[in-house]
Each structure stands twice: as structure tokens, then as C-alpha cells.
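> Sharing a structure with you now.
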Amino acid sequence: RKEVEQDPGPFNVPEGATVAFNCTYSNSASQSFFWYRQDCRKEPKLLMSVYSSGNEDGRFTAQLNRASQYISLLIRDSKLSDSATYLCVVILNTGGFKTIFGAGTRLFVKA
Amino acid sequence: DVKVTQSSRYLVKRTGEKVFLECVQDMDHENMFWYRQDPGLGLRLIYFSYDVKMKEKGDIPEGYSVSREKKERFSLILESASTNQTSMYLCATRASNEKLFFGSGTQLSVL
């Protein structure tokens, strides 16, 4: 079983739609959580951190559920420019810090 | 803004050649990483370094070596390139808040 699992998609949604991605992790030593966005043939870029209390940045909301070991990303009012791959990233604290990447969820937003 | 610079965006090499991929950062981060990214496999850690002259193997170090003579520079070396090393190579640094910053990547083709 992979340490971090994401639905690869693709998710095809119309402009203006609300879309949600989940990511599950298996290691209880998981300490910190992030969502990164990666455009085609570009490098990943930090989208937002994820906190237990939930956090919002404009149209994006991230949530962490430690009991069920998953994180989520909600995108409201989707824009064409939201089309990208969204990577779930988990930091393990096992004496040293280890970064685990999900394989990513592809999103296509269509006019 | 953190800047992570990779020396080449695209590189074509022949089987058996020695290949150097250079990465330079300007934020005085101690931790630097080399990943490769392949379709369907996500990002896989090759090597990382947490200080000058210090290096640790990641998940897939075979066929690679690294060098970190100065804090700002982390080099990935393919001693004898093979076709299965054709991939996108991404360098990253990690800030104290655990956020990763990536270079723009090097798409390496080994023929």
C-alpha cells in the first residue's frame, strides 16, 4: 500500500463548478501536510498548507482529518486556469523528516 | 522569493555518457533534494543533503551520485547514463517551515 494515495483522475469539470480531492495517508508519524500544484511540464509549486482547523485561501479550502488519516482540497467556482495536477504532500517525522508525495490528481476545467 | 535554479531545461545525452545536473539556491537553505518524476510514478527521491558535504540516499539512488561542496549548490551526477534514466529531474530546497521550493526541472533524454 502506498504511504500517500490520491485518485489520479482526471476530473473534468465545467467552469464555475465546485470540485473536491481527497488524499489518504497511512503513517501515523505524519506531521505536516501540504497541497502543491503542478502545471504541465512545470515544477510543483506550493498551493497551501493544511491544518487540523482547516484553512481557506480565496476559492481554495484545505482540511485535515487526523482520525481518518486524510486531507482534502476543495476548489470553488473553478476557473480554466485551475487546470493542473494537484499533489498531496505529507511530511513524516520519524527521527528525521521525510517528504512523501502523492502521485497527483489531474484536473481539467472546461469552458 | 526563493530562487532555485537548474542549469539546463532540456538535455539530450548518449548512453554511457557522464551527466552533470546542477542546482543552485539563493536562500541559504540547509536541505536540498534531487527527485525524478515519471508519468504515473510521481516524484521519487534520489538523494538529499542536509549540509555541506553531507549526503543521504533516497529511495532510488542506484546509478546516481551527488556532490555538495558549497551550501548553495547541489549537483546530481549520472556516472554512465542509461536509457532508463530518461526522466524529468527536479531539484528542491526545504525551508525551516518544511515547505519545498523547486527548480524548473531538467528534462533529460538518454538515447
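The values are calculated or read from the model by the stated rules, or taken from the named source; none is laboratory data. Only a predicted model underlies this, so the values are computations on that prediction, with no experimental measurement involved. Here the Cβ is made from the backbone with ideal geometry for all residues, glycine too, and neighbour counts use every protein chain on show. Heavy atoms of the whole protein, side chains included, go into the accessibility calculation; ligands, DNA and RNA do not. Shrake-Rupley method; radii C 1.70, N 1.55, O 1.52, S 1.80 Å.
> Count charges around residue B:104 for me, please; just the other residues with Cβ under 10 Å from its Cβ, Lys/Arg as +1, Asp/Glu as -1. All intermediate terms of the calculation are to be shown ahead of the outcome.
Numbers: positive: A:41, A:42, B:9; negative: A:43.
That sum, taken over residues with Cβ under 10 Å, equals +2.
> Tell me the total accessible area that B and A bury against each other, 1.4 angstrom probe, in square angstrom rounded to 100. Let's see the in-between values first.
Details: alone 6250 and 6200 Å², together 11000 Å².
Counting protein atoms only, the buried area is about 1400 Å².
> Let me ask another. Project the alpha carbons of the stretch A:1-100 onto their principal axes and report the range along each, largest first, in whole Å.
Ordered largest first, the stretch A:1-100 gives principal extents of 43, 31, 23 Å.
> Something else now. Can you tell me what percent of all Cα-Cα pairs in the protein assembly as shown are more than 29 Å apart? Walk me through the intermediate numbers first.
Details: 6910 of 24531 pairs.
Beyond 29 Å sits 28 percent of the P(r) for the protein assembly as shown.
> Let me ask something else about it. Tell me, what HN-Hα J-couplings in whole Hz come from the Karplus equation 6.51 cos²θ - 1.76 cosθ + 1.60 at θ = phi - 60° for each residue of the stretch B:12-18, using x for Gly and Pro?
So the Karplus estimates, Gly and Pro as x, are 10, 10, 9, 3, x, 6, 8 Hz.
> Full extension from residue A:68 to residue A:51: what is 0.36 nm times the residue separation minus their Cα-Cα distance, to one decimal in nm?
Additional length available on full extension: 4.7 nm.
> Further, regarding this structure: With a sphere of radius 11 Å drawn around the Cβ of residue A:69, what net charge do the other residues whose Cβ falls strictly inside it have (Lys, Arg +1; Asp, Glu -1)? All intermediate terms of the calculation are to be shown ahead of the outcome.
Values: positive: A:66; negative: A:3, A:5.
So the environment of residue A:69 carries a net charge of -1.
> Given points 7 Å out from each Cα along the Cα-Cβ axis, report the residue B:107 to residue A:2 separation in nanometres with one decimal.
Reported label-point gap for residue B:107 and residue A:2 is 2.3 nm.
> How much solvent-accessible surface does residue B:88 expose, in Å² to the nearest 10, with a 1.4 Å probe and all protein chains in place?
20
> Counting only Cα, what are the radius of gyration and maximum Cα-Cα distance Dmax of chain B, in Å?
13.0, 40
> If I measure Cβ to Cβ between cysteines in chain A, which ones have no partner under 4.7 Å?
If one checks each Cβ against the other cysteines of chain A, A:40 turn up with nothing under 4.7 Å.
> Lys and Arg at +1, Asp and Glu at -1: add these up for the other residues within a Cβ distance under 15 Å of residue A:82 and post the number. If you can, show how the numbers build up before the last one.
Working: positive: A:37, A:42, A:45, A:59, A:76, A:79, A:106, A:110; negative: A:15, A:39, A:57, A:77.
Residues close to residue A:82 contribute a combined charge of +4.
> Of B:102, B:21, B:50, which is farthest on the positive side of the dipole of chain B, counting Cα position, with +1 on Lys and Arg Cβ, -1 on Asp and Glu Cβ, and the Cα centre as origin?
Projecting each Cα onto the dipole axis, the largest value belongs to B:21.
> Over the C-alpha atoms of the stretch B:67-111, what are the Rg and the largest Cα-to-Cα span, Dmax, in Å?
So, for the stretch B:67-111, Rg and Dmax equal 13.0, 40 Å respectively.
> Ignoring ligands, DNA and RNA, what percent of the accessible area of the stretch B:13-111 is carbon or sulfur (1.4 Å)?
Working: 2270 of 4610 Å².
Looking at the stretch B:13-111 in its full context, I get 49 percent from C and S.
> Past the 16 angstrom mark, what percentage of all C-alpha to C-alpha distances in the stretch B:1-53 do you count? Walk me through the numbers on the way to the answer.
Details: 800 of 1378 pairs.
For the stretch B:1-53, the fraction of Cα-Cα distances above 16 Å is 58 percent.
> Need one number: % antiparallel among DSSP beta bridges in chain B, to the nearest 5. Intermediate values should be presented prior to the final figure.
Values: 35 of 39 bridges.
Given both bridge residues lie in chain B, the antiparallel proportion sits at roughly 90 percent.
> Which ³J(HN,Hα) values, rounded to whole Hz and listed in residue order, are derived for the stretch B:71-86 from phi using the Karplus coefficients 6.51, -1.76 and 1.60 in 6.51 cos²θ - 1.76 cosθ + 1.60 with θ = phi - 60°, glycine and proline given as x?
Listing the rounded values in order: 4, 7, 10, 9, 10, 10, 10, 9, 4, 8, 4, 10, 4, 6, 9, 5 Hz.
> Can you give me the Kirkwood hydrodynamic radius for the stretch B:37-80, using every pair of distinct Cα atoms, in Å to one decimal?
It works out to 11.2 Å.
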